[in-house]
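Visitor: Provided herewith is a single structure, encoded as structure tokens, for subsequent inquiry.
The values are calculated or read from the model by the stated rules, or taken from the named source; none is laboratory data. Note that the structure is predicted; figures quoted are calculated from it, not measured. Glycine also receives a Cβ, built like all others from the backbone with ideal geometry; neighbour counts cover every protein chain displayed. Note: accessible area is taken over every heavy atom of the protein model, side chains too, but ligands, DNA and RNA are not part of it. Shrake-Rupley method; radii C 1.70, N 1.55, O 1.52, S 1.80 Å.
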Amino acid sequence: MKTKLLDSTQTEEAAEIILRGGLVAMPTETVYGLAADALRGESVAKIFAAKGRPADNPLIVHIWEPSQLDGLVRFVPEKARILSEKFWPGPLTMILPKADVIPDEVSAGLDTVAVRCPSHPVARELIRLSCPLAAPSANLSGSPSPTTLRHVISDMDGRIDAVLDGGDCEVGLESTVISLACDPPRLLRPGGITVEQLRAAIGDVEVDAAVTKPLAEGAAAASPGMKYKHYAPKAEVIIIDAKPQDFTAYVNERKAPGTAALCSTEEAAGLEVPFEILGDDHDMEAFAKHIFAALRRADENGWTTVYASCPDKSGVGLAVYNRMIRAAAFRIIELR
Ligand code: TXA
Ligand code: MG
């Protein structure tokens, strides 16, 4: 299959492809998504084939304005209403009891559906011109989510009908996922909307244990996506929890061919190995925006051992931490 490259003004052509049952990679403010008509099971099935995604991992349905939610779920609880008014359009996904129009391919057999209203104007225009779109991140299953057009092309060229260019993604990490199908609501995946913001809006929110820890052997995942190995570069990633000068010293002591670092500006000063800067110390928005691109570059550079500085666990840092510990297969060295 030849993959067409469309610029951001060609949303009508992209919408036609979707309505004919095809697959289009689209920009969003979080990461690029791989979109198909959410209400047609046979179109959605193509997403799983293109990504190599396990069939039991459900997809997020994207809507262009909040009022589209009502047609996709059985009912909208008060807390969901509050969150949609406060954070949509934006990087928040809500899990709710699904309506019958949602095909099994989207919900992977669960009785709930994940819905999100993205804020990226190109995504919203595409959905407005077509229909609600099922869209996981537009990467091959197991590699880091794509935050640039180049990442999408490198994973998906030849596997999908078209790629719609929308520039680099603003947030850089996938949306926050919260389930409102339980009480209190439960944070399943941290993202750009923080748990602090969610609690300020609706009160008590539980944080699923799988957000910061490996899933216990045999335990059922509240969010099926959390049980899979994720965001894994080929390099061995090791997280170092240390003060900046201790990080630098620790890594320099282990200087060797193929060894490198992902770190803050402060930590990079004085490093004797190659590095990628994620942002200034404690600037977790910058870390979020750069982490996936940095993990991809680690592989492109042929790095084999990568020491990464430990993100703060508050605010957006919790989302960065959640992705980094997976990339590191939960290897963390505590030096504090
Ligand atoms: O920012 C994002 O959310 C991006 C962009 C493209 O919108 N999408 C994205 O999709 O990250 P994906 O498929 O890579 O991640 C969706 C996550 C998975 O962990 C999946 O298991 C979970 O949401 N999920 C989807 N539906 C669910 C449901 N009904 N119950 C529990 N978890 C669900
Ligand atoms: Mg994904």
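Visitor: Pull up all non-local amide H partners of Val73: gap of 5 or more, or a different chain, and H-to-H distance under 5 Å with H placed in the peptide plane.
Guide: Ala99
Visitor: Next up: Would you mind working out the accessible area per residue for the chain, using a 1.4 Å probe, and quoting it in Å²?
Guide: Spelled out: the 1.4 Å probe surface of the chain, per residue, equals 40 Å².
Visitor: Can you list the residues, at least 5 places off or on another chain, whose amide H is less than 5 Å from the amide H of Leu262, using H built in the peptide plane?
Guide: Here Glu276, Tyr307, Ala308, Ser309 satisfy the definition.
Visitor: Follow-up. So the label point goes 7 Å from the Cα of Leu140 along Cα→C-beta, right? Which residues of the range 31-72 then have their backbone N under 13 Å from it?
Guide: 50-53
Visitor: What is the distance in Å between the Cα centroid of the range 191-242 and that of the range 2-51?
Guide: Cα centroid of the range 191-242 versus Cα centroid of the range 2-51: 27 Å apart.
Visitor: Using the Karplus curve 6.51 cos²θ - 1.76 cosθ + 1.60 with θ = phi - 60°, what ³J(HN,Hα) values do you get for each residue of the range 198-215, in whole Hz, with x for Gly and Pro?
Guide: 5, 5, 5, 8, 10, x, 4, 9, 7, 9, 4, 4, 5, 5, 10, 9, x, 5
Visitor: Here's a follow-up. Given a 1.4 angstrom probe, I'd like the percentage of the accessible area of the range 236-334 that is carbon and sulfur, rounded to a whole number.
Guide: 50
Visitor: Quick one: net charge of Arg336's neighbours, Cβ under 15 Å, K/R +1, D/E -1?
Guide: -4
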